[in-house]
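Enquirer: Sharing a structure with you now.
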Amino acid sequence: MSTPVTKLPVEKQPSIRVLAMPADTNAAGDIFGGWLMSQVDIAGSIVAYRYAAGRVVTVAVNNFVFIKPVFVGDLVSIFAELTQVGNTSMTIDINAYSERKRGEAECHLVAQAKLTYVAIDKDRKPRPISKNR
Ligand SMILES: CC(C)(COP(=O)(O)OP(=O)(O)OC[C@H]1O[C@@H](n2cnc3c(N)ncnc32)[C@H](O)[C@@H]1OP(=O)(O)O)[C@@H](O)C(=O)NCCC(=O)NCCS
(Lines give C-alpha, C1' and ligand atoms only; values in the text may rest on other atoms or scores of the structure.)
Protein backbone atom coordinates (compact mmCIF):
# COMPACT_ATOMS: atom_id res chain seq x y z
CA MET A 1 0.00 0.00 0.00
CA SER A 2 1.44 3.34 -1.01
CA THR A 3 0.24 6.59 0.51
CA PRO A 4 1.41 9.86 -1.00
CA VAL A 5 3.37 12.40 0.98
CA THR A 6 0.84 14.24 3.06
CA LYS A 7 0.53 17.16 5.42
CA LEU A 8 0.08 17.00 9.16
CA PRO A 9 -3.49 17.79 10.20
CA VAL A 10 -2.32 21.01 11.85
CA GLU A 11 -5.88 21.96 12.82
CA LYS A 12 -5.82 19.06 15.30
CA GLN A 13 -3.75 18.53 18.44
CA PRO A 14 -1.71 15.30 18.54
CA SER A 15 -2.14 13.09 21.58
CA ILE A 16 1.64 12.59 21.62
CA ARG A 17 4.64 13.65 19.58
CA VAL A 18 7.88 11.69 19.88
CA LEU A 19 11.27 11.49 18.17
CA ALA A 20 12.28 8.05 16.81
CA MET A 21 15.66 7.25 18.33
CA PRO A 22 18.44 4.74 17.46
CA ALA A 23 17.51 2.67 20.54
CA ASP A 24 14.09 2.04 18.96
CA THR A 25 15.39 0.19 15.87
CA ASN A 26 15.01 -3.42 14.77
CA ALA A 27 17.88 -5.63 13.60
CA ALA A 28 17.74 -4.06 10.13
CA GLY A 29 18.16 -0.54 11.49
CA ASP A 30 14.62 0.74 10.88
CA ILE A 31 12.24 1.62 13.68
CA PHE A 32 10.79 -1.49 15.36
CA GLY A 33 7.06 -1.98 14.76
CA GLY A 34 6.54 -2.84 18.42
CA TRP A 35 7.87 0.58 19.39
CA LEU A 36 5.30 2.28 17.18
CA MET A 37 2.52 0.03 18.57
CA SER A 38 3.53 1.05 22.06
CA GLN A 39 3.43 4.75 21.19
CA VAL A 40 0.00 4.28 19.58
CA ASP A 41 -1.26 2.56 22.73
CA ILE A 42 0.04 5.41 24.90
CA ALA A 43 -1.56 8.02 22.62
CA GLY A 44 -4.93 6.27 22.71
CA SER A 45 -4.82 5.73 26.45
CA ILE A 46 -4.32 9.46 27.09
CA VAL A 47 -7.58 10.24 25.27
CA ALA A 48 -9.42 7.37 26.98
CA TYR A 49 -8.09 8.28 30.43
CA ARG A 50 -9.21 11.88 29.99
CA TYR A 51 -12.67 10.88 28.81
CA ALA A 52 -13.17 8.27 31.52
CA ALA A 53 -11.73 10.60 34.16
CA GLY A 54 -9.61 7.82 35.63
CA ARG A 55 -7.79 4.59 35.09
CA VAL A 56 -8.25 2.61 31.87
CA VAL A 57 -6.76 -0.55 30.37
CA THR A 58 -6.36 -1.61 26.76
CA VAL A 59 -8.69 -4.51 26.01
CA ALA A 60 -8.26 -4.79 22.23
CA VAL A 61 -6.04 -3.57 19.40
CA ASN A 62 -7.85 -3.88 16.09
CA ASN A 63 -6.95 -3.14 12.49
CA PHE A 64 -3.39 -2.09 13.20
CA VAL A 65 -1.87 -1.29 9.80
CA PHE A 66 1.75 -0.27 9.21
CA ILE A 67 1.51 1.83 6.08
CA LYS A 68 5.06 3.13 5.73
CA PRO A 69 8.30 2.63 7.67
CA VAL A 70 9.51 4.99 10.40
CA PHE A 71 13.19 5.94 10.37
CA VAL A 72 15.60 7.16 13.02
CA GLY A 73 15.22 10.90 13.38
CA ASP A 74 11.57 11.01 12.24
CA LEU A 75 9.25 13.11 14.35
CA VAL A 76 6.20 10.93 14.97
CA SER A 77 2.87 12.64 15.73
CA ILE A 78 0.01 10.44 16.85
CA PHE A 79 -3.58 11.66 16.61
CA ALA A 80 -6.18 9.82 18.67
CA GLU A 81 -9.92 10.37 18.28
CA LEU A 82 -12.68 8.93 20.45
CA THR A 83 -15.16 7.39 18.03
CA GLN A 84 -17.38 5.19 20.21
CA VAL A 85 -18.39 5.04 23.87
CA GLY A 86 -20.06 2.02 25.47
CA ASN A 87 -21.03 1.37 29.06
CA THR A 88 -17.45 0.81 30.22
CA SER A 89 -15.51 0.83 26.94
CA MET A 90 -14.16 3.47 24.57
CA THR A 91 -13.00 3.00 21.00
CA ILE A 92 -10.23 5.27 19.75
CA ASP A 93 -9.19 5.72 16.13
CA ILE A 94 -5.50 6.44 15.60
CA ASN A 95 -3.54 8.06 12.79
CA ALA A 96 0.24 8.18 13.14
CA TYR A 97 2.34 10.51 10.98
CA SER A 98 6.10 10.65 10.50
CA GLU A 99 7.86 13.86 9.55
CA ARG A 100 11.13 13.05 7.79
CA LYS A 101 13.85 15.57 7.01
CA ARG A 102 12.17 18.02 9.33
CA GLY A 103 12.11 21.51 7.92
CA GLU A 104 11.42 20.18 4.42
CA ALA A 105 7.84 19.31 5.33
CA GLU A 106 8.00 15.67 4.17
CA CYS A 107 5.29 13.90 6.06
CA HIS A 108 3.83 10.39 5.75
CA LEU A 109 0.85 8.62 7.23
CA VAL A 110 2.73 5.63 8.72
CA ALA A 111 0.10 3.71 10.69
CA GLN A 112 -3.60 3.50 11.43
CA ALA A 113 -5.30 1.54 14.19
CA LYS A 114 -8.44 1.16 16.25
CA LEU A 115 -8.03 0.45 19.96
CA THR A 116 -10.56 -0.27 22.68
CA TYR A 117 -10.03 0.72 26.31
CA VAL A 118 -12.07 -0.17 29.38
CA ALA A 119 -12.46 2.10 32.39
CA ILE A 120 -11.62 0.19 35.55
CA ASP A 121 -12.08 0.76 39.27
CA LYS A 122 -9.62 0.26 42.12
CA ASP A 123 -10.22 -3.52 41.96
CA ARG A 124 -9.44 -3.53 38.21
CA LYS A 125 -13.10 -4.27 37.42
CA PRO A 126 -14.88 -2.48 34.57
CA ARG A 127 -16.68 0.66 35.77
CA PRO A 128 -19.45 2.53 33.97
CA ILE A 129 -18.01 5.63 32.37
CA SER A 130 -20.96 8.01 32.69
CA LYS A 131 -21.23 7.53 36.49
CA ASN A 132 -17.65 8.65 36.88
CA ARG A 133 -17.64 11.74 34.72
C1 LIG B 1 -10.45 -5.17 30.30
C2 LIG B 1 -11.02 -6.08 31.41
C3 LIG B 1 -11.03 -5.34 32.72
C4 LIG B 1 -12.46 -6.38 30.97
O5 LIG B 1 -12.99 -7.26 31.93
P6 LIG B 1 -14.23 -8.18 31.58
O7 LIG B 1 -14.70 -8.83 32.82
O8 LIG B 1 -13.88 -9.03 30.41
O9 LIG B 1 -15.30 -7.11 31.15
P10 LIG B 1 -16.58 -7.22 30.24
O11 LIG B 1 -16.75 -8.53 29.56
O12 LIG B 1 -17.71 -6.73 31.12
O13 LIG B 1 -16.28 -6.13 29.11
C14 LIG B 1 -16.08 -4.78 29.45
C15 LIG B 1 -16.20 -3.96 28.19
O16 LIG B 1 -15.11 -4.29 27.32
C17 LIG B 1 -15.61 -4.66 26.05
N18 LIG B 1 -14.77 -5.69 25.50
C19 LIG B 1 -14.38 -6.84 26.09
N20 LIG B 1 -13.59 -7.55 25.26
C21 LIG B 1 -13.48 -6.80 24.12
C22 LIG B 1 -12.79 -6.99 22.88
N23 LIG B 1 -12.06 -8.09 22.65
N24 LIG B 1 -12.89 -6.04 21.95
C25 LIG B 1 -13.61 -4.91 22.17
N26 LIG B 1 -14.29 -4.68 23.33
C27 LIG B 1 -14.22 -5.63 24.28
C28 LIG B 1 -17.02 -5.15 26.32
O29 LIG B 1 -17.83 -5.07 25.15
C30 LIG B 1 -17.47 -4.20 27.40
O31 LIG B 1 -17.83 -2.95 26.83
P32 LIG B 1 -19.11 -2.10 27.33
O33 LIG B 1 -19.16 -2.14 28.83
O34 LIG B 1 -18.88 -0.71 26.82
O35 LIG B 1 -20.31 -2.74 26.71
C36 LIG B 1 -10.22 -7.41 31.52
O37 LIG B 1 -10.42 -8.17 30.35
C38 LIG B 1 -8.74 -7.14 31.72
O39 LIG B 1 -8.33 -6.76 32.79
N40 LIG B 1 -7.94 -7.37 30.66
C41 LIG B 1 -6.50 -7.09 30.74
C42 LIG B 1 -6.25 -5.61 30.43
C43 LIG B 1 -4.78 -5.32 30.37
O44 LIG B 1 -4.02 -5.76 31.19
N45 LIG B 1 -4.40 -4.55 29.32
C46 LIG B 1 -2.99 -4.27 29.07
C47 LIG B 1 -2.39 -5.38 28.32
S48 LIG B 1 -0.63 -5.33 28.40
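Enquirer: Within the stretch 52-62, identify whether any single residue is part of a strand (DSSP E or B), within 16 Å of the ligand (Cβ to nearest atom) and among the small types (Gly, Ala, Ser), and answer yes or no. Break it down into steps so the answer makes sense when it comes.
Expert: Quick first cut of the stretch 52-62, residues part of a strand (DSSP E or B) only: 56-62.
Narrowing the set further to residues that are within 16 Å of the ligand (Cβ to nearest atom) leaves 56-62.
Next cut, among the small types (Gly, Ala, Ser) only: 60.
For the stretch 52-62, residues part of a strand (DSSP E or B), within 16 Å of the ligand (Cβ to nearest atom) and among the small types (Gly, Ala, Ser): present.
Enquirer: Keeping to the stretch 57-79, report how many residues are of a type in the set (Gly, Ala, Ser) and out of contact with any Pro (no Cβ under 6 Å at 6 or more places or on another chain).
Expert: Summing the residues that are of a type in the set (Gly, Ala, Ser) and out of contact with any Pro (no Cβ under 6 Å at 6 or more places or on another chain) in the stretch 57-79 gives 2.
Enquirer: Going by the conditions given, is ASP24 farther than 10 Å from ALA80 by Cβ, over 15 Å from the mean Cα position of the chain (by Cα) and crowded, with 16+ Cβ neighbours inside 10 Å?
Expert: On the way: farther than 10 Å from ALA80 by Cβ: yes; over 15 Å from the mean Cα position of the chain (by Cα): yes; crowded, with 16+ Cβ neighbours inside 10 Å: yes.
Answer is yes for this residue.
Enquirer: Return only the number of the condition from (1) over 17 Å from TYR117 (Cβ atoms); (2) away from the ligand (no atom under 16 Å from the Cβ); (3) surrounded by fewer than 17 Cβ atoms within 10 Å (Cβ to Cβ) that GLY34 does not satisfy.
Expert: All conditions pass for GLY34, except number (2).
Enquirer: Just to be sure, is VAL47 touching a residue at least 24 places away in the same chain (Cβ under 8 Å), crowded, with 17+ Cβ neighbours inside 10 Å and farther than 30 Å from SER130 by Cα?
Expert: Details: touching a residue at least 24 places away in the same chain (Cβ under 8 Å): yes; crowded, with 17+ Cβ neighbours inside 10 Å: yes; farther than 30 Å from SER130 by Cα: no.
No; evaluated as a whole, the condition is false for this residue.
Enquirer: If only one of THR58, THR6 is within 15 Å of GLU106 (Cα to Cα), in contact with a strand residue (DSSP E or B) (Cβ under 9 Å, 6 or more places away or on another chain) and of a type in the set (S, T, N, Q), which one is it? Can you show your working first?
Expert: Numbers: THR58 fails: within 15 Å of GLU106 (Cα to Cα).
After applying the criteria, what remains is THR6.
Enquirer: Give just the number: which of (1) modelled with pLDDT under 95; (2) of a type in the set (S, T, N, Q); (3) within 17 Å of VAL10 (Cβ to Cβ) does ASN95 not satisfy?
Expert: So the condition that ASN95 fails would be (1).
Enquirer: Among the residues of the stretch 1-47, write down those that are aliphatic (A, V, I, L, M) and in a loop (DSSP other than H, G, I, E, B).
Expert: MET1, VAL5, LEU8, VAL10, ALA20, MET21, ALA27, ALA28
Enquirer: Considering the stretch 72-89 alone, what residues qualify as being more than 11 Å from the ligand (Cβ to nearest atom), surrounded by fewer than 16 Cβ atoms within 10 Å (Cβ to Cβ) and not in a strand (DSSP E or B)?
Expert: VAL72, GLY73
Enquirer: Look through ILE92, ILE67 and report the one residue that is surrounded by fewer than 23 Cβ atoms within 10 Å (Cβ to Cβ) and in contact with a Leu (Cβ under 6 Å, 6 or more places away or on another chain).
Expert: None of the other options fit; the residue is ILE67.
The values are calculated or read from the model by the stated rules, or taken from the named source; none is laboratory data. Please read these numbers as outputs of a predicted model, since none were measured by experiment. In this analysis, Cβ positions are derived from the backbone assuming ideal geometry, glycine residues included, and neighbour counts consider all displayed protein chains.
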